[in-house]
Amino acid sequence: MVEKFLFDGPEDAPATILLAHGAGAPMDSASMTATASALAEAGFRVARFEFGYMAARRTGARKPPPRAETLNPEYRAAVAELGAKGPLIIGGKSMGGRVASMIADELHAGGRIAGLLCLGYPFHPPAKPEQLRTRHLAGLRTPTLICQGTRDEFGTRDEVAGYTLSDRIEILWLEDGDHDLKPRKSVSGFAAADHLKTLAETVKRWVDGLGR
């Protein structure tokens, strides 16, 4: 039996980060576990949760990912169930971050979240750059940090440079990172651990600046 939430980091952390998984991998995937550990090391309380279709896979039900927008109610429910006491950042890996981005403004306007954190935002499906998922990002009012690899097949640095995005969105580009933010060390000179450290430090600076 897997718990509703997986927690990392101190219970008395000054801020909590709630993360949802991507379309194809669970909340305890190697990528999400490594990221949660890095953010916890930076002093955050990190909570991970799964959408219903992914949780059902643990009991043998091979459910495909539904349309991202149909998961909005599940994300709202997770925010309510978590009941974070201090500042809350919502977000997630790939599709999880996309779902969070769809409900961020309503939660932010209601004072329920402080910001949005997307890890490898799926700007478009792989090899389909014309199918953009950016319309709602143009008018986003929630302070947002997107951490993206420069060779992410869901949106490279060159592609994203041409998109119309809200000025509330900051992007951390991780050199040669793929959709899991991992670089090829032989090409970039960076290791995955280097990028995770940069990510965690950047998130900390960004969150510290939200209260100013």
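Counting other Cβ atoms within 10 Å, keep those with at most 16, restrict to DSSP loop, and tell me which trypsin sites (Lys or Arg not before Pro) in the stretch 1-75 are left.
Details: sites: LYS4, ARG45, ARG48, ARG57, ARG58, ARG62, ARG67; in loops: LYS4, ARG58, ARG62, ARG67.
Answer by residue number: LYS4, ARG58, ARG62, ARG67.
Counting other Cβ atoms within 10 Å as a rough exposure proxy, the listed residues VAL187, VAL203, VAL160 run VAL187, VAL160, VAL203 from fewest neighbours to most.
Cβ crowding within 10 Å ranks LYS93, LYS85 as LYS85, LYS93, fewest other Cβ atoms first.
The shape of the chain comes out rounded: with a ≥ b ≥ c from the C-alpha gyration tensor, a/c is under 1.5. Computed over the stretch 43-151, relative contact order equals 20 percent, with contacts defined as Cα pairs under 8 Å that lie 6+ residues apart.
On full extension, the segment bounded by THR59 and LYS204 gains 48.5 nm, given 0.36 nm per residue less the C-alpha separation. Annotation: amide H of GLU170 within the under-5 Å range of THR144, LEU145, ILE146, sequence separation 5 or more or interchain, hydrogens built in the peptide plane.
Measuring between their Cα centroids, the stretch 104-137 and the stretch 1-20 lie 21 Å from each other. Among ALA191, ALA42, ALA84, the residue with the largest mean-square fluctuation in a Gaussian network model of the chain, with springs joining Cα atoms closer than 10 Å, is ALA191. Each principal axis of the Cα atoms in the stretch 1-57 has its own extent, and those three values, largest first, are 33, 19, 16 angstrom. From its DSSP helices (H runs of at least four residues, each -39,500 (n - 2.57)), the chain gives a residue-normalised ellipticity at 222 nm of -10000 deg cm²/dmol.
Would you mind finding the longest exposed-site-free stretch of the chain, with exposed GluC sites (Glu not before Pro) meaning DSSP loop and at most 10 other Cβ atoms within 10 Å? Please report the intermediate quantities before stating the final value.
On the way: sites that count: GLU3, GLU11, GLU130.
For GluC sites (Glu not before Pro) (loop position, at most 10 other Cβ atoms within 10 Å), the longest site-free span of the chain is 12-129.
None of the figures in this text is laboratory data; all of them are computed from the coordinates on show. Keep in mind the model is a prediction, meaning the values are calculated, not measured. Glycine gets a Cβ as well: all are built from the backbone with ideal geometry, and neighbour counts include every protein chain shown.
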